[in-house]
Every structure is written in structure tokens, then in C-alpha cells.
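For reference, the structure discussed in these notes is given below.
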Ligand code: BGC
């Protein structure tokens, strides 16, 4: 494809048409020049191709990223990417909308089930593998959501207020590494604002960093309905508005071009990126896919990802024991989350059917899903349980807690399940809790139970793995990719998360997850990187050798048990006597190794200078601080087994922010945060006052007229959404509450044209005459 020639041949109207989606899932085609559309579909843990009549084409539902990331298995995750890409090829899809790897800043984020970790290196490494897997099939990956999109409430309008160092080290690091290592076909700019500017308009993120620093040449598309101002977005480095805005975007771009507010060069730049991506997509073949193989892979992935959190010698089970299985979740397990990633599955392996194959299988409901406390059901399980040696209780989250568009409200399991755990624990039987959850929860009952197995969200084929793990035919080998905090009082995010509807202060800066808990010695429920096995591993012989540009690390891991097992060895780096505020240590490498019973395996890591860097805001780049570093190797962030020192050359003076005392003691004062940002803190909440195009439905609902208007909009949109069936129960309405009017208008398919939207805004502002004129003018 001769892209420069095509650029010359395209008319200005044709070029502009390429900057806006043709519909929900395609770019525009220009048949005259033989340019076909690019087809894209969700992602990320299965292919979702919506059908006009509702639902979507059946696809393999892999366990979502929150599950499979716990496998820490790069090869396995690469094969998931390839498997989904094969389904894309089967359906002629060019780009898979995934992976998503926003940082898990708070466990309450409704979308954490789609994301990888609280740690940028885990995200970077595993998401890179996923992208490689997708792209080696000739299908493109679209990495998302760029960036600092760590909450769902008010996601289209919230201003993520974050300092430059945290931005670079925590929130952009994985994007940087994935972009540089894998050159993804596309990148999706997020809904939210970052330091005042929307993801699609954020010239610092798009032009300065992504294009100029990282040299990215791929396609930058908006998240669906994320465009706030299309002209500003194209100028800031975005290339494609998605989905179609039904002519609104095109009209505005043409007008801006005619008024010399947007140059042809700027338009060409965006078109060129689309053409480059189309050219890459032309290599994609169309071929049938082996769905049975994908189902089997989904089974394998789940099995590798379960995390055994606690085990006081009660697991594995043995078929001769009298075990009572409890929980309606056994019959109706939660397999995936809600929202754009929701898959219609090709088939589902039944947990109940696999359990029934076991000798002595006995079951009782224990609770009724989605219903309140039922004294009969509760009593029944307690009296039945008296007759058993062990009780295996399946509990977990409801779909409303694992869904896009809205954050979770509580960190605990629901009241009914919690009560059941507490009451069963009183029976003095061995109590094993199996958890189906999309992200961390509190477990105030942890000391009362004997074992906890976290199976996360299983995907369509995880059932057999659960049974195999419980009975010892599979040795659990997953580890947590996020810290499980003890309670609300000692959760770092609780101080700053959900504090306003206008801005979100990322006041803890770099201290996300274990970076906070470990640095400030907070007790946790389960540390980052934790996960037990039926095997036992010992670490020895840490050896470090340093050359000009690398540090080689090796150690031995011995399986001192009679069972073959897999261990995830983690390498953290810690700076001694640092001049800047820092996390106690940071993960830089990990490796999952199979170590047979009584075998010793050598594990090797190679560290580069990059691994010792921090982002220096005085020098505006990543630099190494001179001095001694400790290389720590361990089984979790709190289970460091071996350490060794190494000395690095580097920066000696002129360190930034050394006077911010509260970032050394963990109190993170407003004043210091403001100094870190180098500006006044923005307003946390929208001031009461006039409505505008970025007012949300929940804002409208605060006034009488607004609430009537909101009702009409909600009922109209609901009809459309029901057809797609990706949100459960009330969660779509919750999602809609956070939608600004301009996004509703853009995506309404002409049902809410801009003039009408502005007239509604006038009505809500009691400017009836203005509204009337607008409507009449139309
Ligand atoms: C989500 C994206 C998704 C897109 C298309 C958006 O609401 O944030 O992750 O790819 O919809 O369904």
C-alpha cells in the first residue's frame, strides 16, 4: 500500500470521513481507492460481536485478566491472546479491543476484573505477552484505557489529578513498556480527564509522551463516546473517534478545517495512522477456528490461576472424607463480569456436574443468590453440616460488583454469605471457603476458617480445575497480583478514592498497593504476590554479578515436598538511603517455574539499568540514583527469602521534592500534594450552578425539570441497551447516571441531536425562551 500516494488522492471530505467511525465497530471505507473498513470488536478475554437482534455471537469466554494474571505465566497468557485472535480471524475481525491494563488503585473499581494488577511491571509483562499472542496471528490488539482510568464512577468526566512522577512510574509504565515491546496496532484513549484534559484531548499524554517520546506510529482511537471536543482531540494526537457520532464529528471537523482551526497536515497525520493500521490488517487471514481447543485452553488457564490463600492442613480433600458442599454458587457460579467484555459462551462446564462425579458428594444450598436472608435455608445447612467432617462453602460476589461503568459499593461479601461463614465456623468443623471474586475483598472472618481458595471468575471452562484443585489433582500455583487489605481503616485508597464528582486526587502518588502497605509497615490480610501450594519450596544460593549494563541474578529453588509444584519467584529492588521518597521495594521481575518433587531448579534473572530507575521531575526523565541497592528474592512482597546488595552509578544531586515530609511519613498532606503537582488543587466537586454538556444524568436528577428529562433519556437508552444485554439488573441505569449529555448525544444515533441537547440544557437552566428558539430553529 502506497500510503503517501493514497494521502494525495484522498479528497478532504474523504480524509475527514476516516477520522470518525462508520458505525459502532468499523472505520469508514473508501471504495474508490480500494480502502476497506477496519473491523474491531471487544475484548479483552473473549470476542464479542454484537448481533442486531440482541446478544452476541458465541465465543470462548476465557477467565478474565484478574484471574489469569494470577497465573504469572507469560506463555500461557500469550496463548490466550492467540486463541482469541484465532476467533477474530474466524469472524474477519481486524482488531481486538484489549487488553485493558489500568492500574488497580482501589479494589472498588468496578472494572478491576478486566485488569491485571496494582503493579505496573506485572501489567507490562503479562499484557505484553497477551498482545504478542494476538498479533502473531496477524490480528491487531488495542491497548486500553490510556490512562489513569482507575475508577468507573463518573468515568467520562472525572479529572484524575496525579503528579508527574506517579503518572510515569505507576500509571503510564505498563503502556510505555507494552507500546515499546509489542507495537500494538491501536491504543484507546480513556474517558476521564488527566490533569484537566480528557484522554482524547490530552496532548501531554498523546503527543508529548506517546508519539514523541515513545515513537508510537499506530492508531489512537477514542473509547466509545469519550470524545469531548473532536477538533481538540485530533489536534492533540487522537486519530479516530469511536463509535460513529452520526455525522456530528464530521461536521465539526469540516467546519474547523474551513475556518483554519484545523490544518490539512493535522488531518493527514491522523489519516496516515489509520492507513498504516489498515495496511497491517491486510495481512490478516480469514480461517476457521478450533473452538474445542480454545475451550480446553480456557480450562487450563483457570487451573493455573487459582490462588490458595490459606490452608491449615485441610486441603486437599480426600474422597473418603465426609464433605458437605454448600452454596448456590455451585449451581450458578459467577463466570465473568458485566459490560462491554461480556461474552455469550460457546458452552459452559458445570461445576456441579464435576463435583457430582466425586464419591460421597453431598450438597445443600446454604443461601439463595440474589435473595435476602432465608431462615429456613440457613437453618437447613447448619443442621445438616453437623454430620460432616469438612464443609466446603462456595461464596462470592454478585454481578453488580464486577461490572463496567460503576464501582463497587462494599468491600465485603454480602450479609447473607458473611453470616453463613460465621455460623458454620461455630460448628467446629473444618471449614473451607471457595471464593469467586473479581477483585480483593475484606475477610473479617478469616481467622475462623481453615482454608480459602480464590478461584476468581472462572470463565466458561474453569469448573473441572476447581474440583481437581480441591482434591489435589491440581496443585494450586497462582499468586495474588494485588494486596488484600485487612479493613477499611488501613486501606490506602480509602482516604482518596471517590471523594468528589469532579476530581479524583491521586494523592498517595507512587504509593499504590504494596508500595504503600510495605513502605509504611501496615498489616495486611494477604500481601501482594502471596499464594500457597501443596508443595513446599526453599530458596538458596543467591548469586549476583554485575557488568557494565546489566546485573545477572541467579538462585536455586528446591521443592522439599513429595508433590511436584510450580513456584512464582519474585524479584524486588530496594534502594538503601535514598535521597528521594520511595517505596520500600518494587517488583522488577518474576518467573514461574515447575519444580518436581525434591528437585532443585536454577532461576535466573537479567536486570538492566532501566530496572533501577525512577522518574526524576527535575531532569524530566527516568534516571538511576547512585548508590547501594538491595536485590530481594522471595515468594511474596512480605516473604523475602534472600537478599544481596549491588552498587549502581548514577545521579548524585539535585533530587526533586526532598522537602515533602508527608511523603516520607505516609500522611500525604494536601499542601505537599499541591507542591508535588506544582499547582493549586482543583475543585473536588462540581460547584452547584449551571448545567452544561458535561453535566451527567445524575446531575440532572438533582432538579425537578432535570429529573423528568433524565427519566425520558434513561427509558429511551434502556431500550437500546436491553437489546445488547451486557449489563445486569440495575447496573445499566447506574452506568447511565455517570454519562454526560454530550456523550449521550454523540452516541444516540440521531435520537438526541446536539441542538436538542442544548435545548434540554437551556430548559434545565430555566432558559425556556432560549430552548424554544433552539428547537424552532431546528
Ligand atoms: C469500554 C471499552 C470498550 C468499548 C466498546 C467502552 O465502554 O470502556 O473498553 O472497548 O466500550 O465496547
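A few comments on the model shown:
- For residue 96, the criteria (1) assigned to a helix (DSSP H, G or I); (2) within 14 Å of the ligand (Cβ to nearest atom) hold in every case but one, which is (1).
- If you go through the stretch 31-46 and keep only what is farther than 15 Å from residue 65 by Cβ and touching a strand residue (DSSP E or B) at 6+ places or on another chain (Cβ under 8 Å), you end up with 37, 38, 39, 40, 41.
- In the stretch 45-65, the residues that are assigned to a loop (DSSP other than H, G, I, E, B), within 15 Å of the ligand (Cβ to nearest atom), out of contact with any helix residue (DSSP H, G or I) (no Cβ under 6 Å at 6 or more places or on another chain) and under 23 Å from residue 145 (Cα atoms): 45, 46, 49
- In this structure, residue 102 does not qualify as within 15 Å of the ligand (Cβ to nearest atom), modelled with pLDDT of 95 or more and out of contact with any strand residue (DSSP E or B) (no Cβ under 9 Å at 6 or more places or on another chain).
- Within the stretch 224-233, one or more residues are in a loop (DSSP other than H, G, I, E, B), within 16 Å of the ligand (Cβ to nearest atom) and buried (at least 24 other Cβ atoms within 10 Å of the Cβ).
- Only a single item in (1) closer than 30 Å to residue 197 by Cβ; (2) out of contact with any helix residue (DSSP H, G or I) (no Cβ under 7 Å at 6 or more places or on another chain) is not met by residue 506, and it is number (2).
- Criterion: within 16 Å of the ligand (Cβ to nearest atom), surrounded by 18 or more Cβ atoms within 10 Å (Cβ to Cβ), modelled with pLDDT of 95 or more and under 27 Å from residue 305 (Cβ atoms) - qualifying residue of 438, 396: 438
- Sole exception among (1) out of contact with any strand residue (DSSP E or B) (no Cβ under 9 Å at 6 or more places or on another chain); (2) crowded, with 24+ Cβ neighbours inside 10 Å; (3) more than 30 Å from residue 589 (Cβ to Cβ) for residue 63, by number: (3)
- Scanning the stretch 66-74 for any residue that is in contact (Cβ under 8 Å) with a residue 12 or more places away in the chain, within 16 Å of the ligand (Cβ to nearest atom), assigned to a loop (DSSP other than H, G, I, E, B) and out of contact with any strand residue (DSSP E or B) (no Cβ under 6 Å at 6 or more places or on another chain) turns up nothing.
- Filter pass, residue 326 being in contact with a helix residue (DSSP H, G or I) (Cβ under 9 Å, 6 or more places away or on another chain), in contact (Cβ under 8 Å) with a residue 12 or more places away in the chain and more than 30 Å from residue 593 (Cβ to Cβ): yes
- For the residues 599, 586, the requirement of being at pLDDT 95 or above and more than 29 Å from residue 653 (Cβ to Cβ) singles out 599.
- Leading residue by the ranking (nearest to the chain's Cα centre (by Cα)) among those in the stretch 643-663 that are crowded, with 17+ Cβ neighbours inside 10 Å and in contact (Cβ under 8 Å) with a residue 12 or more places away in the chain: 663
- Taking the criterion of being more than 16 Å from the ligand (Cβ to nearest atom) and either without any contact (Cβ under 8 Å) to a residue 40 or more places away in the chain or in a loop (DSSP other than H, G, I, E, B) (or both), the residues of the stretch 105-148 that qualify are 105, 106, 107, 108, 117, 118, 119, 136, 137, 138.
- Helices (runs of 4 or more DSSP H) within the stretch 321-425 that include 1 or more residues under 24 Å from residue 303 (Cβ atoms): 351-356
- Filtered by the rule that a residue be over 20 Å from residue 528 (Cβ atoms) and not in a loop (DSSP other than H, G, I, E, B), the stretch 576-605 gives 594, 595, 600, 601, 602, 604.
- Taken together, the residues in the stretch 189-198 that are in a loop (DSSP other than H, G, I, E, B), buried (at least 24 other Cβ atoms within 10 Å of the Cβ) and more than 13 Å from the ligand (Cβ to nearest atom) amount to 0.
- Residue in the stretch 244-267 that is in contact with a strand residue (DSSP E or B) (Cβ under 7 Å, 6 or more places away or on another chain), within 16 Å of the ligand (Cβ to nearest atom), part of a loop (DSSP other than H, G, I, E, B) and within 24 Å of residue 183 (Cβ to Cβ) present: no
- Of all the numbered requirements in (1) within 19 Å of residue 588 (Cα to Cα); (2) out of contact with any strand residue (DSSP E or B) (no Cβ under 8 Å at 6 or more places or on another chain); (3) surrounded by 24 or more Cβ atoms within 10 Å (Cβ to Cβ), residue 127 misses one, and that requirement is (2).
- Scanning the stretch 679-692 for residues that are surrounded by fewer than 17 Cβ atoms within 10 Å (Cβ to Cβ), in contact with a helix residue (DSSP H, G or I) (Cβ under 9 Å, 6 or more places away or on another chain) and touching a residue at least 12 places away in the same chain (Cβ under 8 Å) yields a total of 3.
- Residue in the stretch 516-537 that is touching a residue at least 60 places away in the same chain (Cβ under 8 Å), surrounded by fewer than 17 Cβ atoms within 10 Å (Cβ to Cβ), out of contact with any helix residue (DSSP H, G or I) (no Cβ under 7 Å at 6 or more places or on another chain) and under 21 Å from residue 643 (Cα atoms) present: yes
- Any hit, the stretch 363-383, residues being modelled with pLDDT under 95 and within 16 Å of the ligand (Cβ to nearest atom): no
- Any hit, the stretch 199-217, residues being within 16 Å of the ligand (Cβ to nearest atom), within 26 Å of residue 151 (Cβ to Cβ) and outside any helix (DSSP H, G or I): no
- In the stretch 42-55, the residues that are within 16 Å of residue 346 (Cα to Cα) and at pLDDT below 95 form Cβ pairs under 7 Å with partners that are within 8 Å of the ligand (Cβ to nearest atom) and in a loop (DSSP other than H, G, I, E, B), at six or more places apart or across chains, as follows: 43/98; 43/341.
The values are calculated or read from the model by the stated rules, or taken from the named source; none is laboratory data. Here the structure is a predicted model, which is why all the values come from computation and not from measurement. So basically every Cβ, Gly included, is an ideal-geometry build from the backbone, and we count neighbours across all protein chains shown.
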